Amino acid sequence: MTESWVDIPDGSDFPLHNLPYGVFSRPDAPVRIGPAEDRRVGVAIGSYVLDLAALADAGVGLPHGHEFAQPSLNPFLAIGRHAWSEVRDRLLELLSDRSRQDAVRPHLIPLDQVRLHLPVEVGDYVDFYSSRNHAENVGRLFRPDSPALPPNWLHLPIGYHGRAGTVVVSGTPVVRPSGQRRPPGATEPVFGPSTRLDIEAEVAFVVGVPSRLGEPVPADDFDRHVFGVVLLNDWSARDIQAWEYQPLGPFLGKSFATSISPWVVPLDALRQAWVTPPAPELPQLPYLHEEYATGLDLELEIGWNGTVVSRPPFRTMYWTAGQQLAHLTVNGATVRTGDLYASGTVSGPERDQRGSFLELSWNGSEPVTLGDGSTRTFLEDGDTVTIRAKAPGEGGIPVGFGEVTGTIMAAVR
Ligand code: CA
């Protein structure tokens, strides 16, 4: 197992064998043309970001400098796996070979001196519903007189097309949405700020290489198209959602904001994390079969104003990322560079593994106690939610995802 000459603190999310990609700027550096022009691609290592555009200019044999001097990862992601591997291999070499540190070190910038931006220009955004525990919990809460799972759930990964334009980077404030809701027992709807604002802790997959119109992507071509993984918080206004969702699904209850973590962890950093998902309960149609299972052993952690309230295990997801990709293209629909598709809320079987506050508070009937002694059912103005995750990594050193965080602002009056 190789080590880096970079001083990496114990327990860092960003050991040598992670090297997640992001887009950063330096607010204190002189602005050249405009704020967007100052954005560029880097990888995180320890407490630093390595400026890849500058490093490519330094003559150390790092290819694709042009793609790194860009305000999004899209140009680099579009090239494909040969380039992703070539750059990763070169970076691993440069960051472990001590004889290269004089050439590389000038391009390491402390993370606390950079601003992180949305890493990709998001194309289409799809959200799935692939945790059986979550789907059963929501079924019991929203449709108590029906079976917990709808009849299609065990046959296909249910999903919907979301709103790409309101995907925001971690740290962006979330304004409490207003909308129509029908209070319990009422016959007519009322209008106003959501009173049941919630989160959904999810994992999302970033598409690099596009597919062709009319040509389904086989499940086992997953790693030819997908570049990497981010954390996602699908903010959800439950009162707006409950009134609007039938018969066409989520709309304004979710489209106001979706937050993602700024670092895209490449699939190449997750080789120790692949797992087989739970055995299917019913036979699955051939297009959903995977030769190589794409379940992932990620442990999520949800912090509510600093108190960890849940640790959802991603390995319990019933449908995998490869199956989701096969399903979303099986009708010939394309995926494009920068597309994002999310897993759906990650909930395990235990109470402290639930990935939404709807489930954690059991629709408001079982309040959650925070570290300061206060209790919560849904989000209050000023509340901050932070989702983190770790995966098994090379040499027994876990790979971290950084965080996706957001604070609730009062509704616009
Ligand atoms: Ca969701």
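Would you please name the residue that is most open to solvent (accessible area, probe 1.4 Å), looking only at residues in segment 178-201 that are of a type outside the set (Gly, Ala, Ser) and within 16 Å of the ligand (Cβ to nearest atom)?
My answer is Arg196.
Does Ile240 satisfy being within 15 Å of the ligand (Cβ to nearest atom), farther than 20 Å from Phe401 by Cα and not small (Gly, Ala, Ser)?
Criteria met by Ile240.
Can you find even one residue in segment 132-143 that is under 22 Å from the mean Cα position of the chain (by Cα), within 16 Å of the ligand (Cβ to nearest atom) and small (Gly, Ala, Ser)?
The answer is yes; a qualifying residue exists.
Could you say whether any residue in segment 248-259 is charged (D, E, K, R), at pLDDT 95 or above and within 12 Å of the ligand (Cβ to nearest atom)?
From segment 248-259, those charged (D, E, K, R) are 254; that's our starting set.
Restricting the remaining residues to those that are at pLDDT 95 or above gives 254.
Add one more test, that the residue is within 12 Å of the ligand (Cβ to nearest atom), and what stays is 254.
Yes - at least one qualifying residue is present in segment 248-259.
Which residue pairs have Cβ atoms closer than 8 Å, lie 6 or more positions apart in sequence or on different chains, and pair a first residue in segment 109-129 that is on the phi < 0 side of the Ramachandran plot and within 15 Å of the ligand (Cβ to nearest atom) with a second residue that is of a type in the set (Phe, Trp, Tyr) and not in a loop (DSSP other than H, G, I, E, B)?
That search, which allows pairs on different chains as well, returns Tyr125/Tyr341; Val126/Tyr160; Val126/Tyr341; Asp127/Tyr160; Asp127/Tyr341; Phe128/Tyr341.
Which residues, counting only those in segment 348-357, are touching a residue at least 24 places away in the same chain (Cβ under 8 Å) and away from the ligand (no atom under 11 Å from the Cβ)?
Scanning segment 348-357 gives Gly348, Pro349, Asp352, Gln353, Arg354, Phe357.
Report, by residue number, each residue of segment 157-188 that is part of a loop (DSSP other than H, G, I, E, B) and in contact with a Phe, Trp or Tyr (Cβ under 6 Å, 6 or more places away or on another chain).
Hits for segment 157-188 are Pro157, Ile158, Gly162, Pro177, Arg182.
Looking at segment 202-245 only, could you name the residues that are open to solvent by 50 Å² or more (accessible area, probe 1.4 Å) and farther than 19 Å from Phe191 by Cβ?
Pro210, Arg212, Leu213, Gly214, Glu215, Pro216, Pro218, Asp220, Asp223, Arg224
For segment 150-173, what are the residues that are open to solvent by 30 Å² or more (accessible area, probe 1.4 Å) and away from the ligand (no atom under 16 Å from the Cβ)?
Pro151, Asn152, His155, Leu156, Gly165, Gly171, Thr172, Pro173
For segment 333-413, give me every one of the strands (runs of 3 or more DSSP E) that falls completely inside it and has 1 or more residues that are open to solvent by 30 Å² or more (accessible area, probe 1.4 Å) and modelled with pLDDT of 95 or more.
384-391, 399-409
Condition (residue is within 24 Å of Asn331 (Cβ to Cβ) and among the hydroxyl-bearing types (Ser, Thr, Tyr)) applied to segment 270-283: is it met by at least one residue? Steps first, answer last, please.
Going through segment 270-283, the residues within 24 Å of Asn331 (Cβ to Cβ) turn out to be 277, 280, 282-283.
Going one step further and asking which of them are among the hydroxyl-bearing types (Ser, Thr, Tyr), we end up with none.
Within segment 270-283 (the criterion being within 24 Å of Asn331 (Cβ to Cβ) and among the hydroxyl-bearing types (Ser, Thr, Tyr)), the answer is no, since none of the residues qualifies.
Does Gly59 fit the bill of being under 25 Å from Gly295 (Cα atoms) and of a type outside the set (A, V, I, L, M, F, W, C)?
Here the answer is no, as Gly59 does not meet what is asked.
The values are calculated or read from the model by the stated rules, or taken from the named source; none is laboratory data. Here the structure is a predicted model, which is why all the values come from computation and not from measurement. Cβ: placed from backbone, ideal geometry, glycine included. Neighbour counts: every protein chain shown. Side chains are part of the model used for accessible areas, which takes the heavy atoms of the whole protein and leaves out ligands, DNA and RNA. Shrake-Rupley method; radii C 1.70, N 1.55, O 1.52, S 1.80 Å.
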